[in-house]
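Comments concern the structure below.
The values are calculated or read from the model by the stated rules, or taken from the named source; none is laboratory data. The shown structure was predicted, so the numbers you read here are calculated from the model rather than taken from an experiment. No Cβ is skipped: glycine too gets one built from the backbone with ideal geometry, and neighbour counts run over all protein chains shown. Only protein heavy atoms, including side chains, enter the accessible area calculation; ligands, DNA and RNA are left aside. Shrake-Rupley method; radii C 1.70, N 1.55, O 1.52, S 1.80 Å.
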Amino acid sequence: MKKRYSIDLEYIKELKELMVMCNSDQLDIDRITNLIDRLSNGFNQDETNDTLSNIRNNSEYYTDFKELYKAIRLFVSRGIFIDSIPEPSYKEMIISDDDSITLAHDFYKEQGNFFLDGFNDFKSDMNDHLEFIEPNDYTDGEIHFYKSSGDAFLFTPDHKNFTKVSILIHELEHVIDCFNNHDFYENLLIREISAVFMEMIGLDYLANVFKLEDAHYIRRFTLHSIVKSDAYNAYYKNQLLYLTNKYKDLDDQKLRKLLVSKFGMSNGFINFCNSYNLYQDYYYQLAQLVSIELYKIYNNDKEKALFVLKDIIMNGTDDNIFNILKKHNIVLVSNVVNYENDMCLKLGI
């Protein structure tokens, strides 16, 4: 019997051919080509780059992120210091694909029609646009959306614990966002905000459903630790980009030697910074910081938090996000320490 919730690579290839034939947006064609490559290689892609081209490119526009960088500096200076990322193991729990989808549906129903309608729009396509994949080191869930065709393909790991559902909630929110506002997906800095927030409150929802004692706190603490650890890297990378810009006339070999010998940077750190662009460095940072503020509001005034989130989804861009936050009197990092302390208290850290 044919497996339910299975995405056919051949179908995606045919969709690409149709996009090319119809002269669809080149960005969509590039993205679907990337998806085909990822699926053909088990989601693994080798992006090794021996030159410092990414660092040099980033150094030309890193000052564009000045407002967000201020928040990151506060983030790394306040609250707990993360010296390692937890590697939790959760109680085994076999949750069927259908039950996972039902749980996600019930969760979104509690958030109102704006979110539930988007969920239901996708539900009719789930059989061949959603797949629960074997967990692997190369993806922990992802969606691919194409404006030209309106297709969204969702992949989520088939974990044998409650995170199967929490990650599904996260990825489904991306689909809901795309269906509500096609342009939201194009804004790399803000497009994770709603998905991160929905997983955050979704974990509390699942804690009630599954009678979890502390597993949902462990999951939230783990995700927060990853983002805060990345914030340290972003902080030091900003200094690297400043120096790269200052000594931009040096060739790669001389620049690398200067960074290592004079400024004490390791080759490993330089290579790490060269592997990612600034949008990749920052978009989970902004998402986590905004989500923490919304989480605080949600626990006191659910409708207000969801109203702000809808405003971000429907009207937000990478350029105006700080104006939207200011309009709603949201100040980033205001509640980070309380958020961290609450998790640490619950986990006895």
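Data table
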item	result
The stretch 267-301, residues that are under 19 Å from Met200 (Cα atoms) and without any contact (Cβ under 8 Å) to a residue 40 or more places away in the chain	Ile297, Asn299, Asn300, Asp301
The stretch 196-251, subset of a type in the set (A, V, I, L, M, F, W, C) and without any contact (Cβ under 8 Å) to a residue 24 or more places away in the chain, residue farthest from Phe162 (Cα to Cα)	Leu250
Residue check, Tyr185 among the hydroxyl-bearing types (Ser, Thr, Tyr) and touching a Lys or Arg at 6+ places or on another chain (Cβ under 6 Å)	yes
Answer from Asp214, Asp158 - the residue that is in contact with an Asp or Glu (Cβ under 8 Å, 6 or more places away or on another chain), closer than 17 Å to Pro88 by Cα and surrounded by fewer than 22 Cβ atoms within 10 Å (Cβ to Cβ)	Asp158
Tally, over the stretch 311-334, of residues that are hydrophobic (A, V, I, L, M, F, W, C) and either in contact with a Phe, Trp or Tyr (Cβ under 9 Å, 6 or more places away or on another chain) or more than 17 Å from Gln288 (Cα to Cα) (or both)	5
Those residues of the stretch 313-329 which are assigned to a loop (DSSP other than H, G, I, E, B) and in contact (Cβ under 8 Å) with a residue 24 or more places away in the chain, in sequence order	Gly316, Thr317, Asp318
Sole residue being under 19 Å from Arg191 (Cβ atoms) and at pLDDT 95 or above, chosen from Asp281, Asp311	Asp311
Lone qualifier among Phe119, Phe115, Phe179, Phe197 - being open to solvent by 20 Å² or more (accessible area, probe 1.4 Å), assigned to a helix (DSSP H, G or I), at pLDDT 95 or above and among the hydrophobic types (A, V, I, L, M, F, W, C)	Phe179
Filter result for the condition that a residue is free of Cβ contacts under 8 Å to residues at least 12 places away in the same chain and assigned to a helix (DSSP H, G or I), over Lys304, Lys310	Lys304
Tyr69, sole failed condition from (1) open to solvent by less than 50 Å² (accessible area, probe 1.4 Å); (2) over 25 Å from Ser225 (Cβ atoms); (3) modelled with pLDDT under 95; (4) hydroxyl-bearing (Ser, Thr, Tyr)	(2)
Candidates Ile94, Ile101, Ile82, Ile12 - the one that is modelled with pLDDT under 95 and either among the aliphatic types (A, V, I, L, M) or open to solvent by 50 Å² or more (accessible area, probe 1.4 Å) (or both)	Ile82
Residue within the stretch 330-340 that is among the β-branched types (Val, Ile, Thr), buried (at least 19 other Cβ atoms within 10 Å of the Cβ) and assigned to a helix (DSSP H, G or I) present	yes
Residue count for the stretch 242-264, restricted to those that are out of contact with any Leu (no Cβ under 8 Å at 6 or more places or on another chain), in a helix (DSSP H, G or I) and of a type outside the set (Lys, Arg)	5
